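Here the structure comes first, spelled out in structure tokens, and everything after it is commentary.
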Amino acid sequence: MKKTPLYDRHVELGARMVEYAGWNMPVQYSGIKEEVHAVRNATGIFDVSHMGEIRVRGEGAGAFLDWLLTRKVTGKKPDVITYAILSAADGGTVDDLLVYTLGEEDYMLVVNAANKDKDVGHIKESLASYKKLYADRTADVEIIDESDLYGQIAVQGPGSLDCILEVAGELGLTGAEAEELAALKRFRSMTVPVAGEALKMIVSRTGYTGENGYEFYIPAGKTARYWDVFIKAGVVPCGLGSRDTLRLEAGMPLYGHEMSPEISALDGGMAFFVDLEHDFQGKVMEDKVTRKQIALVSDTKAIPREGYEVYVNGEKAGVVSSGTFSPVLEKGIAFAFVAPETPETGTVEVLVRKNLQPFTVVKPPFVKGK
């Protein structure tokens, strides 16, 4: 298994380690419930160094990405981050990702760890198809896997900004850089020089928890130093277990659950992130919607899990794609795929341990960030 630059820190802190996407990762420290509440009420820190970073740059890179993704990136300022779907020609989902506009015709794609190698291959194959399809366009594009260059930590929670500013000096931020960070809007980024490193650190106001938060892309060899600063300041270390619960509470999708090669972005309730006004690979998805996603909250103490069947008026109507216990609501919550004609309000039933349990259909997020 691969190890992140923070592996030794996790072991020292007593984290329970598991295999995830080929990486040895912390699934929890103090416990999922405690870590969720820490992020919802104060500040937590996550090691997300397993995520992939793919550089796409060169003349024509922006136009190529416009065609490759469900949302356009051309015309965006260098600090703008775009959430988009990487779709296949048949409309299925290859991955969901963040596109960091680093400069003119220079982009960094942040992709899911389990999909990184597949994504690189898909992007390269798509570039070849793009060049044939649009032979009149310039596409002198480089595709570079830069994942090994970075470690990544996410500082999340309503207290995240105050915490970062309190330790700004120890993080090596100048007064001006701290002010710039404090002024960052959501889905915006900045770069910061790191002593002794040619590679700059990228800091963005992004996250996967529904709370205010910041993500640091750090030269790999310096990642532990930044982690140590936050741990020393009392920030609660959190694992993959709480991260998954937090993202579901926030109503955020997970690849392999709410999207997959068989599940398009439109099937998965991601219409807001699909710009059908522009031409892109996979646009055929608009003609292939066969299901819809609904959000469910348990009316009892039942906890739904992936694969549990959903019933409407006694008839099977779909299946749970993600489900867990919400420490904040103290109830079971779930995303489910159901037939398109299923009402988006009212009550459905989920088969939990051979018993049909009532669930209320709600509009996500299940938990709103502070």
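Tabulated data
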| read-out | value |
| --- | --- |
| Subset tally (residues that are closer than 16 Å to Gly268 by Cβ and β-branched (Val, Ile, Thr)) for segment 307-341 | 4 |
| Residue within segment 139-152 that is β-branched (Val, Ile, Thr) and in a helix (DSSP H, G or I) present | no |
| Matching option when the condition is in contact with a helix residue (DSSP H, G or I) (Cβ under 8 Å, 6 or more places away or on another chain) and surrounded by fewer than 23 Cβ atoms within 10 Å (Cβ to Cβ), among Glu249, Glu170 | Glu170 |
| Residue within segment 105-114 that is in a helix (DSSP H, G or I) and either crowded, with 18+ Cβ neighbours inside 10 Å or in contact (Cβ under 8 Å) with a residue 12 or more places away in the chain (or both) present | yes |
| Counted residues, segment 333-361 - those being more than 22 Å from the chain's Cα centre (by Cα) and either in a strand (DSSP E or B) or crowded, with 16+ Cβ neighbours inside 10 Å (or both) | 15 |
| Residues of segment 233-250 satisfying the condition of being among the small types (Gly, Ala, Ser) and closer than 13 Å to Glu211 by Cβ | Ser242, Ala250 |
| Set Lys72, Lys77: member being in contact with a His (Cβ under 6 Å, 6 or more places away or on another chain), surrounded by fewer than 22 Cβ atoms within 10 Å (Cβ to Cβ) and of a type in the set (Lys, Arg) | Lys72 |
| Within segment 1-102, helices (runs of 4 or more DSSP H) holding 3 or more residues that are of a type outside the set (Val, Ile, Thr) and closer than 21 Å to Lys131 by Cα | 61-68 |
| Any hit, segment 118-127, residues being at pLDDT 95 or above, among the hydroxyl-bearing types (Ser, Thr, Tyr) and not in a helix (DSSP H, G or I) | no |
| Any hit, segment 298-305, residues being assigned to a strand (DSSP E or B), within 21 Å of Ala250 (Cα to Cα) and either out of contact with any helix residue (DSSP H, G or I) (no Cβ under 7 Å at 6 or more places or on another chain) or not aromatic (Phe, Trp, Tyr) (or both) | yes |
| Subset of segment 155-180 (residues that are in contact with a Leu (Cβ under 7 Å, 6 or more places away or on another chain) and within 20 Å of Ile81 (Cα to Cα)) | Ala178 |
| Criterion: among the aliphatic types (A, V, I, L, M) and closer than 19 Å to Tyr217 by Cβ - qualifying residue of Ala84, Ala15, Ala38 | Ala84 |
| Selected residue (criterion: surrounded by the most Cβ atoms within 10 Å (Cβ to Cβ)) from residues of segment 307-321 that are hydroxyl-bearing (Ser, Thr, Tyr) and closer than 16 Å to Lys354 by Cα | Tyr308 |
| Residue check, Gly268 in the same structural domain as Gly207 (by TED's automatic domain parsing) and buried (at least 18 other Cβ atoms within 10 Å of the Cβ) | yes |
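The values are calculated or read from the model by the stated rules, or taken from the named source; none is laboratory data. Just so you know, these numbers come straight off a predicted model, no measurement behind them. A quick note on method: Cβ atoms are made from the backbone with ideal geometry, for glycine too, and the neighbour counts reach across all protein chains shown.
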